[in-house]
Amino acid sequence: MSIIHRLVHLNSIKRFSVHQVLSILISPFYSSNILRQPFSTLLHATSGKPGSEVNCHFGVKNIHTNLANLVPSLSCMDASDDSTFSTLSSDMLIYENFIDEEEERDLFNEIEPYVKKLRYEYDHWDNAIHGYRETERRNWTKKNKRIIQRIRDLAFPPEVAQLAYVHILDLHEDGHIKPHVDSVKFCGDTIAGVSLLSSSVMGLVHEKDETKWAKFLLGRRSLYIMKGTARYDYKHEVYGGDKSVFKNRPIPRDRRISVICRNEVAKYS
Ligand code: OGA
Ligand code: MN
């Protein structure tokens, strides 16, 4: 799928869900420790450096739990003001450790043979993405199909028509994604992406009012679900180099592969 930036208007007022209130209440107990885990066997296959894994919480694990029990992490979010925080906290959800190391490896092992044949693209003045290669995938191994299904089940209600192809975006360690809104022609109201190999920081800035912004720490193996106002009214970007900072903490960017599911544009709206 091509990545095109177009403008759309959709305003909605959001409230906190029970999960989010719970998450706010427990977050002080987990503080904002940087969790540095030993690099897995992926190390040999990537240019990864220790320290590229950062989580917002210590000890909160979503792995292998029932989807209904998953709680998005509000501490992965920073915002310009309370109202922006509150609005975006229901339209930009971050699930830390959505996949475990083995699942990350399984996805990587299926993706790598395809992407490694491609060259990283740079320097097109109008490109939203700098230093990337990408592909789309419809068929997956049995194990990976289960992971993709878990993303879909959490992100999309059963009646929502989804794009059958999963978008795979491989961002070079020096690459970055410039502020853009995903094409409203090609994809619907929800974008769900799992991050492999590296943590990163995603910035959102309101299209019409640049004083409204938010930053999200996308931990390695986390899932984000961007929908509604976050998807339509805010431009999103993924920082590279020195700009990869969350709440004054540098988040070193390594090569990062995102596995992104989207839904179809609603036919009748
Ligand atoms: C995109 C995009 C974000 C990501 O492909 O349009 O914004 O997580 N990707 O890679
Ligand atoms: Mn995008």
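The values are calculated or read from the model by the stated rules, or taken from the named source; none is laboratory data. Just so you know, these numbers come straight off a predicted model, no measurement behind them. We place every Cβ from the backbone using ideal geometry, glycine too, and count neighbours over all the protein chains shown.
Table: residues versus (1) of a type in the set (A, V, I, L, M); (2) surrounded by fewer than 21 Cβ atoms within 10 Å (Cβ to Cβ); (3) within 11 Å of ligand 1 (Cβ to nearest atom).
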position: Val166; (1), (2), (3): yes, no, no
position: Leu171; (1), (2), (3): yes, no, yes
position: Ile177; (1), (2), (3): yes, no, yes
position: Asp182; (1), (2), (3): no, no, yes
position: Lys185; (1), (2), (3): no, yes, no
position: Ser195; (1), (2), (3): no, no, yes
position: His206; (1), (2), (3): no, yes, no
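Summed over the range 118-145, the residues that are of a type in the set (D, E, K, R), assigned to a loop (DSSP other than H, G, I, E, B) and closer than 16 Å to Leu169 by Cα give a count of 2.
Take Tyr224 and decide whether it is within 16 Å of ligand 2 (Cβ to nearest atom), among the hydroxyl-bearing types (Ser, Thr, Tyr), at negative phi and buried (at least 20 other Cβ atoms within 10 Å of the Cβ). Answer is yes for this residue.
So that you can scan it fast, the table gives a plain yes or no per residue for (1) more than 23 Å from Phe216 (Cα to Cα); (2) among the aromatic types (Phe, Trp, Tyr); (3) modelled with pLDDT under 95:
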residue	(1), (2), (3)
Ile99	no, no, no
Tyr122	yes, yes, yes
Glu134	no, no, no
Arg138	yes, no, no
Lys142	yes, no, no
Lys145	yes, no, no
Ile148	no, no, no
Arg152	no, no, no
Ala161	yes, no, no
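In the range 186-197, the count of residues that are over 26 Å from Pro157 (Cα atoms) and within 14 Å of the chain's Cα centre (by Cα) is one or more.
For the subset of the range 98-121 comprising residues that are loosely packed, with under 14 Cβ neighbours inside 10 Å and touching a residue at least 12 places away in the same chain (Cβ under 8 Å), which member is farthest from Gln149 (Cα to Cα)? Among those that are loosely packed, with under 14 Cβ neighbours inside 10 Å and touching a residue at least 12 places away in the same chain (Cβ under 8 Å), it is Arg119. Candidates in the range 133-164 are the residues that are under 24 Å from Arg119 (Cα atoms) and loosely packed, with under 15 Cβ neighbours inside 10 Å; of these, the one that is farthest from ligand 2 (Cβ to nearest atom) is Asn139. Would you be able to tell me the number of residues in the range 220-252 that are within 14 Å of ligand 1 (Cβ to nearest atom), over 25 Å from Glu102 (Cα atoms) and not in a strand (DSSP E or B)? Total satisfying the criteria: 6.
Residue-level check: of (1) farther than 21 Å from Asp82 by Cβ; (2) away from ligand 2 (no atom under 13 Å from the Cβ), His176 misses just (2). Do the conditions hold for Tyr120, that is, is it aromatic (Phe, Trp, Tyr), within 16 Å of ligand 2 (Cβ to nearest atom), farther than 18 Å from Tyr232 by Cβ and in contact with a Gly (Cβ under 7 Å, 6 or more places away or on another chain)? No.
Filter the range 230-248 for residues that are closer than 16 Å to Thr87 by Cβ and either in contact with a Leu (Cβ under 6 Å, 6 or more places away or on another chain) or crowded, with 23+ Cβ neighbours inside 10 Å (or both) and give the result. If the condition is that a residue be closer than 16 Å to Thr87 by Cβ and either in contact with a Leu (Cβ under 6 Å, 6 or more places away or on another chain) or crowded, with 23+ Cβ neighbours inside 10 Å (or both), then Ala230, Arg231, Tyr232, Asp233, Tyr234, His236 are the ones that fit. Within the set of pairs 6 or more residues apart or between chains, which connect a residue that is farther than 24 Å from Asn66 by Cα inside the range 80-97 to a residue that is in a helix (DSSP H, G or I) with Cβ atoms less than 7 Å apart? Matching pairs, first to second residue: Thr87/Thr229; Leu88/Ala230. Cβ-Cβ distances below 7 Å connect the following pairs, each with a first residue in the range 206-232 that is more than 12 Å from Val181 (Cβ to Cβ) and touching a residue at least 12 places away in the same chain (Cβ under 8 Å), a second residue that is part of a loop (DSSP other than H, G, I, E, B) and of a type in the set (A, V, I, L, M), and a separation of six or more residues or different chains: Leu217/Val54; Leu217/Ile251; Gly219/Val54; Arg220/Leu197; Arg221/Ile99; Gly228/Leu10. In the set (1) over 14 Å from the mean Cα position of the chain (by Cα); (2) of a type in the set (Gly, Ala, Ser); (3) away from ligand 2 (no atom under 13 Å from the Cβ), the condition left unmet by Ser183 is number (3). Taken over the range 80-111, the criterion of being farther than 20 Å from Arg255 by Cβ and part of a helix (DSSP H, G or I) is satisfied by Asp82, Ser83, Thr84, Phe85, Ser86, Thr87, Leu88, Ser89.
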